[in-house]
1. Please rank 298, 208, fewest neighbouring Cβ atoms within 10 Å first, as an exposure proxy.
2. Along the Cα→Cβ direction, 7 angstrom out, place labels at residue 57 and residue 287. What is the inter-label distance in nm?
3. Using 0.36 nm per residue, how much length does the chain from residue 165 to residue 223 gain when fully extended, once their Cα-Cα distance is taken away?
4. What is the fewest-to-most order of 311, 277 by other Cβ atoms lying within 10 Å of their Cβ?
5. Using 0.36 nm per residue, how much length does the chain from residue 312 to residue 186 gain when fully extended, once their Cα-Cα distance is taken away?
6. Once the mean 1/r over all distinct Cα pairs of the range 53-181 is inverted, what Kirkwood radius in angstroms do you read off?
7. If I model a spin label as a point 7 Å beyond the Cα along the Cα-Cβ vector, how far apart are those points for residue 118 and residue 147 in nm?
8. Between residue 92 and residue 231, what's the calculated FRET efficiency when r is the beta-carbon distance and R0 is 45 Å? Round to 0.05.
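Bear in mind that the values in this text are calculations on the coordinates, not laboratory data. Computed from a prediction, not measured in an experiment: that's the story for all the values here. Cβ placement follows ideal geometry from the backbone for every residue including glycine, while neighbour counts extend to all protein chains displayed.
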């Protein structure tokens, strides 16, 4: 074989290698589920349209949000089952009372401004006056045709938490599940939606009504359990894994301290994805990517995207 032939073969081999590398990189980029927590809580008023739009602009694959049932049986997007006076004011600019959302109608809730106050825990959060709460119906209408930024063939996904008061009766769980599924189905979003909850009993209720809707089991440690994990000790990892398995969750979504490599590998053996919350530090993001998680939820979408891209390139 002459030098020319050898050079041509080497060039072809390099081209194939480059194409393969690009394909692998693209597959890895699409595999990781990057989620904006409450849209983008660190930089915009949480669970509001400005936060969701920012989340999309920062190339997240999923918008994470919270919902609660109103008096007129609609799902309003708000983190708690009671109004939060630290983030919402009335029409006179006075912080709201901590009123049960279930006692208020959508029309009453829409008189509130939930963008004028800055969350004291997030000094970089930009306030946006006259920001109204949205129903889940309105949210779907706004983001129905939204694609993932930079990936025009992939639609944005939705991770919807359903909130309950402490120890909800079975009837309340069944009612909330039925309304959630109906709302998702009416919007045609069953294949783009995940329903998550700390109340694990609602997850089988969701699945029994529509198997296309994914479910995610949420877990938070006690202070003692969290301390043990920070010290490198085991806490109740086996227990929460079993609980998620028992309700046949598609995803287990624990506080990030739970998600070490062994936890992730065990979850994967049981066909569950692992998407921890709420991760706002670069070093922790890298540790989780390296441990093999399937996604990460963060208050800072731009940081999450940047860290993930840099991590991919460094591999």
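1. On the way: 298 31, 208 11.
Fewest-to-most Cβ neighbours within 10 Å comes out as 208, 298.
2. A separation of 3.2 nm, rounded to one decimal place.
3. Values: separation 58, 0.36 × 58 = 20.88 nm, distance 2.12 nm.
Result: 18.8 nm gained on full extension.
4. Ordered by Cβ neighbours within 10 Å, fewest first: 311, 277.
5. Values: separation 126, 0.36 × 126 = 45.36 nm, distance 3.79 nm.
That works out to 41.6 nm of additional length.
6. On the way: mean 1/r = 0.0628 Å⁻¹.
Here the Kirkwood hydrodynamic radius works out to 15.9 Å.
7. 3.7
8. Numbers: r = 49 Å, r/R0 = 1.09.
Here the calculated transfer efficiency is 0.35.
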